Amino acid sequence: MSAATTRSRTPDRLCAEAVDLARAAAEEAAAPGVVGEHEGLVSEGDRVVTHFFACREFGYRGWRWAVTVARASRAKIVTVDEAVLLPGPDALLAPEWVPWSERLRPGDMGPGDLLPTDAEDLRLEPGYSGEDEPAPNSTVSGELAELVETEDVEVAGVAPADLTIAPARGSIASVAEELGMRRARVLSRYGLHIAADRWEESFGAKTPMAQAAPAPCVSCGFLAPIGGSLGQAFGICANEFSPADGRVVSLSYGCGGHSEAAVMPKPPQPPAPVMDENRVDPFPLRPAPDSGSVPVTEDEASAELGHS
């Protein structure tokens, strides 16, 4: 360990004794009456010491006024470097800041609120918004597209773009619109999976309501089917008396409002026990002579002793 390191850990005597100077600097920076008692000091280096004073300001529990004083080499005058309010070991601090995108929870958005979607949102992927242009990931090259355009001009006389009414039936745009993909972005596979997991957790087969239901939603007349790949596992409940009315429910979900609950066959009940009342079972009122532990004898002496 070097001598400079040893000197830096030992507070300078004149700087350590400058408590009144440090307090005056703290009171000048703070409001009147909020600087409390002296809580110690720490050596910041050669002839540099920081004094700590308690803070009596409301709302700043555990905070301290830190006043750093210093002395030049071979000088006897101590000067003030800075006075700041710093949190102590037990200070009351504000919670760590969290971005709004991580603080937002389902149901927080109200009327008039706007929720911008990140351009790199994993739940979405680019859709198809062009007319008859090949998709970005299409295998049709630019040269082949020009060849198709030339052939269309030879057949129709003009380019398809110059026609007054472009043929919509059978075009890429009409097919994309029919499939619901003629949008800037559509749900990605990841977006479909997390949506399915969320709906399955709320209205799925493992919920208490589904466990006590007479039958699943797949056989209920109140189930409105949905299109797309999600329609293979989910639908929309249209029963106003169901707790899932207007919600996306799993086909394996169920409730007591099933459309066929009243006409469903009841589970078989075991038959009542049959008792034979015509048979008589004899019950002797006295024990049999040979039911004891001692064999029956004709000896009168033993009979008098009370042996059975």
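Grab the other residues whose beta carbon is less than 11 angstrom from that of Pro126, score K and R as +1, D and E as -1, and report the net.
Overall, the nearby charge balance is +1.
Which of the peptides 79-90, 97-108, 233-244 is most tightly packed, and how do the rest follow, going by the mean number of other Cβ atoms within 10 Å of each residue?
Per-residue mean Cβ counts within 10 Å order the peptides as 233-244, 79-90, 97-108.
How high is the FRET efficiency between Glu120 and Met209 when r is their beta carbon distance and R₀ equals 35 Å, given to the nearest 0.05?
0.40
Ranked from highest to lowest mean number of other Cβ atoms within 10 Å per residue, what is the order of the peptides 17-25, 249-257?
249-257, 17-25
Report the extension gain between Met275 and Glu28 in nm, rounded to one decimal, defined as 0.36 nm multiplied by the number of residues separating them, less their alpha carbon distance.
78.6 nm
Using the beta-carbon distance between Phe241 and Phe58 and R0 = 51 Å, what value does 1/(1 + (r/R0)^6) give for FRET efficiency, to the nearest 0.05?
On the way: r = 55 Å, r/R0 = 1.08.
E between Phe241 and Phe58, to the nearest 0.05, is 0.40.
Here, each number is a calculation from the coordinates, and none is a lab measurement. Everything numeric in this text was worked out from a predicted model, so none of it was measured. Counting neighbours? That spans all protein chains shown, and the Cβs are built from the backbone with ideal geometry, glycine included.
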